[in-house]
Each structure stands twice: as C-alpha cells, then as structure tokens.
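First the structure, in the form of structure tokens, and then the observations on it.
Read-outs throughout are calculated quantities, based only on the coordinates presented, and are distinct from any laboratory measurement. Keep in mind that this is a model prediction, so the values were computed, not measured. Because the Cβ atoms are built from the backbone with ideal geometry, glycine has one as well, and the counts that use them run over all protein chains shown.
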C-alpha cells in the first residue's frame, strides 16, 4: 500500500526515464521488467507503488506554501521543518476572491486569524492531505502580506 497514492498511467508515462532509472538502481533491467510484467503482478505493483512514493515524497518536500480560497474564506499555509503556520481570513461582506490587497477600507470587514502547529504526522503527509482537500500550491505572496499585517 503506497504512503501517498499510485501515480496515474499518464504520470508514469511522463516519468518513464526516471522509472527506468529507478528499476535499474534496483537491479531490474528491461528483460527482467518484462518478465515481472508478464508473470508477477504483485511485484510489478510493489515497484510502481515504491516509485510513486519516491516521486511524491520528493515533490512534497519542495512545497512551502499552500492556499485554499473561497469567496468567504481564505486559508494560507506556510510549511516549515517542524511546524506549519496558518493565516486565515473570513468575511461575510467582502468577496475574498476579488481581494487584491489588505487596507484600512476592507480590513475592518474581514476577520483575521493566525496559528501555528506542530505536525501530527509528517510534514509531507499533512501537505498531501491538504492538497487532497482542495488546497493549491502557492508562492506565499499573500501569506507574507498577512504576516506584515499581524506583525504591526
């Protein structure tokens, strides 16, 4: 059972050179892989699961910021080594999807929250779970804008 998920057929196809390198580093050449495909579905699935985990682990390690936006709420996450920081905005009168900057005219209509927490599982697993819940990867621009608001 994979730690994250099994890569799709298209994802595997796009990573074919990396998968071949993975197989080679595990002592599996083209002929042996063909034999595994034909004769040992369980071993085939195991290698695909392990490769999927390696790829996703490396990808998740690179993520530093996530965000989740709706018209009434925005959640901004920053993932550090041992903890995650969250800034959240909520409003029933301001369309937060149209918000480009925070200023005095709209700040009093928006509830702001911030929090930090240590990871319950691993950093990467928590990022993976948030991505599955609809978060998207970001560069952290709005996160830092809010950090400045909170530090005043």
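For the chain, adding -39500 (n - 2.57) for each run of n ≥ 4 DSSP H residues and dividing by the number of residues yields -14000 deg cm²/dmol at 222 nm. Here the chain is treated as a sphere whose radius is the Kirkwood value from Cα pairs; by Stokes-Einstein at 10 °C and 1.306 mPa s it diffuses with a coefficient of 87 µm²/s.
Among 52-61, 115-124, how do they line up by average Cβ neighbours within 10 Å per residue, starting with the highest?
52-61, 115-124
State the Cα centre-to-centre distance between segment 1-63 and segment 86-149 in whole Å. Centre-to-centre (Cα) distance: 35 Å. Kirkwood radius and radius of gyration were both taken over the C-alpha atoms of segment 88-137, and their ratio Rg/Rh is 1.09. Once both labels are positioned 7 Å from their Cα atoms along Cα-to-Cβ, the gap between residue 6 and residue 149 label points is 4.4 nm. Need one number: the % of Cα-Cα pairs in segment 65-150 sitting beyond the 17 Å mark. The proportion of pairs with Cα distances above 17 Å equals 46 percent. In the chain, the longest principal axis of the Cα atoms and the axis of helix 30-39 are about 90 degrees apart.
Between residue 120 and residue 54, the FRET efficiency from the beta-carbon distance, with R0 = 25 Å, is close to 0.60. Treating each Cα of segment 9-62 as an identical point scatterer and summing with the Debye formula, the log10 of I(q)/I(0) at q = 0.22, 0.24 Å⁻¹ comes to -0.87, -1.01. With R₀ fixed at 22 Å, the C-beta to C-beta distance from residue 112 to residue 136 puts the FRET efficiency at about 0.60. As an exercise, use a Förster radius of 30 Å and the Cβ-Cβ distance of residue 40 and residue 64 to find the FRET efficiency, rounded to the nearest 0.05. Efficiency computed from Cβ-Cβ geometry: 0.15.
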